[in-house]
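Data first, discussion second: the structure below is written as structure tokens.
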Amino acid sequence: MIPHTDRKMAYIAGPYQLDPVQCTRQAILEADRLESTGLITPYVPHLNLLWDLVCPHTPEEWYSYDLSFLARCDCLLRLPGKSVGADDEVRFAYCHRIPVFYETSTLLNWAKDYAKEI
């Protein structure tokens, strides 16, 4: 297992608006799978759902906030499903040369290769 400080950080991008609670659940489950491998530290922007319940902000404010995290992540995992916001995050990642993965297995293989280097 790689120490958290040496793990690659993965941004989880996926649907949200259709059903925020169910979509957040799916993102959390995927993040937990990644975390359990000991290779990846995931960031789940969907968890802003809870923050927004306490201190509401506009979608634009949340999106800007999330992009500040994405800019610091090592990669992005795009979850299945239609999402304009997640598609925009993918475009942002490509523009900033952040690797984008569409399958967990491919992301984990990439992280394993990195683990061999450290």
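A compact table of results
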| item | result |
| --- | --- |
| Built amide H within the under 5 Å cut-off of Cys73, gap 5+ | none |
| Largest to smallest accessible area among Met1, Met9 [probe 1.4 Å] | Met1, Met9 |
| Area of Thr41 that stays accessible when all protein chains are in place (1.4 Å probe, Å², to 10) | 30 |
| Cα-centred dipole magnitude for the chain, charges only on beta-carbon of K, R (+1) and D, E (-1), debye, nearest 20 | 320 |
| Protein-only accessible surface order, largest first, of His46, His4 at 1.4 Å | His4, His46 |
| For the stretch 60-67, Karplus couplings with θ = phi - 60° (6.51, -1.76, 1.60), whole Hz, Gly/Pro x | 5, 5, 5, 4, 4, 4, 5, 5 |
| Of all accessible heavy-atom area on the chain, the percent that carbon and sulfur account for (1.4 Å) | 59 |
| Reach of Lys8 by Cα under 13 Å, taken over aspartates and glutamates that are not fewer than 8 positions away in the same chain | Glu35, Asp74, Asp113, Glu117 |
| Options Pro99, Ile28, Val84, ranked by Cα towards positive dipole end of the chain, top entry (Cβ charges) | Pro99 |
| Accessible area (Å², per residue) of the chain, counting only protein heavy atoms and a probe of 1.4 Å | 61 |
| Accessible surface ranking that places the most exposed of Arg91, Arg7, Arg72 first, with a 1.4 angstrom probe | Arg72, Arg91, Arg7 |
| The stretch 34-95: C-alpha gyration tensor shape, a/c 1.5 cut-off, then a/b vs b/c | oblate |
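The values are calculated or read from the model by the stated rules, or taken from the named source; none is laboratory data. What you see is a predicted model, and the numbers here were worked out from it, not measured in a lab. Virtual Cβ from ideal backbone geometry, glycine too; neighbours counted across all protein chains shown. The accessibility values were calculated without ligands, DNA or RNA, using every heavy atom of the protein model including side chains. Shrake-Rupley method; radii C 1.70, N 1.55, O 1.52, S 1.80 Å.
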